[in-house]
Amino acid sequence: MGIPMRKILLTLLSIVSLAALVACGGGSSNSISVPPAPSGGNSAGFSNASLNGNYVLAANGFTANNAFAVAGVFKTDGNGNVVSGTRDTVNDGGGQTLGESITGTYSVNQDGRGQLILNGGSGQVIYRFVLESPSAGKLFQNGTTSNNVIVDATGRIEAQATTVPTTLAGNYVIRLDGEDTGKLPYGAVGGLTFGGNGIAGTIDENDAGSFDLNGSLAISTGTYSLTSTGRGTAAYATPNTSTAQAAHNFIVYCVSPSRLELISTDNKFFLHGYADQQATGVNGTFTSTNQVFNISGTDSSGNPAIETGRFTLSGASIANGFADYNDAGSLLTDTSFSGSFAAAATGRWQANLNYSAITTSLGLVGWQVSPSQSTLLTTSSTLLQTGTMRGQTINLNTANVTGNYAENLSGASSSLGDVESTGNFLSNGLGNLTGTIDSQTDNNGLGIDNPTTGSYSIDPTFGRSTGFIGTVPVAFYTVDPSTIYIFSTDSSSLYQGMLLAQQP
């Protein structure tokens, strides 16, 4: 289908700076034309005052030459200024720019769309974003280098707690994506226990299709250190395995006691991810028997592969499975898969999805963040994907989805190349969406302040139905009235994204 081959699909919701291109060897210039700030759109109650305080930025993306990851923190004044900040950038070629000071400006439109400009020693970076609330938003990078190298990336910002801890205690669920030392795709999930300055726990990892089906790898050594700014370091090692490297070192940004962002500083072992504190009382049981999952990554040939679906848990069995799958332009829908399921008291579980239309089967390992949310990794030798799973509310109807929603959508297209977009939509509760989108594509460049319409509906039985975002046909998987997964049903477009209810 002519869809670009990427090592890791951009639905991981991340962003990389143009400053990183210069510092880490991805490009020769960081000269960018600054577009106008967002305007128009629905009145959703946002303004510059919506961003006020410290925010953690977490990121990853691509140029033509390298994969990148960025993590940092910046301070806003509620009046359009970024008064201070720090960021760290690494790439899969071994390039690193660490501890870079940043300042800048920002603008927040009434519908939650905004523009963030960050200036550091390595140059200027421009982002377009949409806020879900004053505490969280999704971003993509705006602009190209002077020699027309487009950086395809998306990302997130998260409000940092007023006081961040210097020590952590309790169990955390970690998710890592990236590449091993041979630039082969790597993914991991696991359960970590923090106490004092030590880390213990177990990790499930899939390195280019090599997964240990006998269970998790026990961490042999682990340490961490945090400062009062929330920036710190962490390291852990596992016994020798088939993976290219068993020890990993990270820069950590503490968003709050319940959320950490990480990027690796290992030379040429390129990893990025996060850790969420595991809720008290997790024991392998689930709030809802109905679950929606969303995963992305690559197949054994390195082509992008995405999947969104849902199923019902029934003891040790899976029923009522429905999934949409796209592997490099091969679009398939399975309307009735089944499977098996087993969970442990630690919150670690394994499932085998027995498909009829997509593939023979798909193995998953998950770790529960809470009884209603899990972090996922495939155990397959032919698909390496990571993602999330959430408990689903069923028996909803179209009228339950009403109000303003933040939209993010990203992926690859045979006609447009890589695509990233953020926007705002107002749902009227009758199946109609009206809003404004900012987007970037390889072929058409930046499109800003674009009025866009859409349509949706909710199937009360499975929460999966079809509609449109602009001209793109999509499947909607409704998790609850505030959270809807989006999956493109156009075979030439590997897009995934979300609609999230805005709370200004």
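The values are calculated or read from the model by the stated rules, or taken from the named source; none is laboratory data. Note that this is a predicted model, so its numbers are computed, not measured. A quick note on method: Cβ atoms are made from the backbone with ideal geometry, for glycine too, and the neighbour counts reach across all protein chains shown.
Data table
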item: Unique residue being of a type outside the set (D, E, K, R) and in contact with a Leu (Cβ under 8 Å, 6 or more places away or on another chain) when the list is 491, 457; result: 491
item: Qualifying position, being polar (S, T, N, Q) and at positive phi, among 326, 320, 249; result: 320
item: Search result, residues across segment 244-257 that are surrounded by fewer than 18 Cβ atoms within 10 Å (Cβ to Cβ) and either of a type in the set (A, V, I, L, M, F, W, C) or within 17 Å of the chain's Cα centre (by Cα) (or both); result: 244, 246, 247
item: Test: residue in segment 157-171 that is buried (at least 22 other Cβ atoms within 10 Å of the Cβ) and either modelled with pLDDT under 90 or within 23 Å of residue 297 (Cβ to Cβ) (or both); result: no
item: Filter pass, residue 193 being modelled with pLDDT under 95, hydroxyl-bearing (Ser, Thr, Tyr) and buried (at least 16 other Cβ atoms within 10 Å of the Cβ); result: no
item: Selection within segment 234-258 - of a type in the set (A, V, I, L, M) and at pLDDT 85 or above; result: 234, 235, 237, 247, 251, 252, 255
item: Members of segment 445-504 found to be closer than 26 Å to residue 43 by Cα, of a type in the set (Gly, Ala, Ser) and within 21 Å of the chain's Cα centre (by Cα), listed by number; result: 482, 497, 501
item: Restricting segment 45-61 to residues that are surrounded by fewer than 24 Cβ atoms within 10 Å (Cβ to Cβ) and of a type outside the set (Ser, Thr, Tyr), the residue that is farthest from residue 267 (Cα to Cα); result: 45
item: Those residues of segment 186-201 which are in contact (Cβ under 8 Å) with a residue 24 or more places away in the chain and in a strand (DSSP E or B), in sequence order; result: 186, 187, 188, 189, 190, 191, 192, 194, 195, 198, 199, 201
item: Sole exception among (1) farther than 30 Å from residue 230 by Cα; (2) of a type in the set (S, T, N, Q); (3) without any contact (Cβ under 8 Å) to a residue 60 or more places away in the chain for residue 258, by number; result: (1)
item: Candidates 140, 129 - the one that is under 21 Å from the mean Cα position of the chain (by Cα), modelled with pLDDT of 90 or more and among the aromatic types (Phe, Trp, Tyr); result: 129
item: Matching residues, segment 78-102, being within 18 Å of residue 37 (Cα to Cα) and in contact with a strand residue (DSSP E or B) (Cβ under 7 Å, 6 or more places away or on another chain); result: 78, 80, 81, 82
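Condition check ((1) within 23 Å of residue 268 (Cα to Cα); (2) among the β-branched types (Val, Ile, Thr); (3) not assigned by TED's automatic domain parsing to the domain that holds residue 387) across all residues:
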site	(1), (2), (3)
173	no, yes, no
189	yes, yes, no
193	no, yes, no
196	no, no, no
207	yes, no, no
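Let's see how each residue does on (1) hydrophobic (A, V, I, L, M, F, W, C); (2) more than 15 Å from residue 409 (Cβ to Cβ); (3) in contact (Cβ under 8 Å) with a residue 24 or more places away in the chain:
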residue	(1), (2), (3)
426	yes, yes, yes
437	yes, no, yes
466	no, yes, no
469	yes, no, yes
475	yes, no, yes
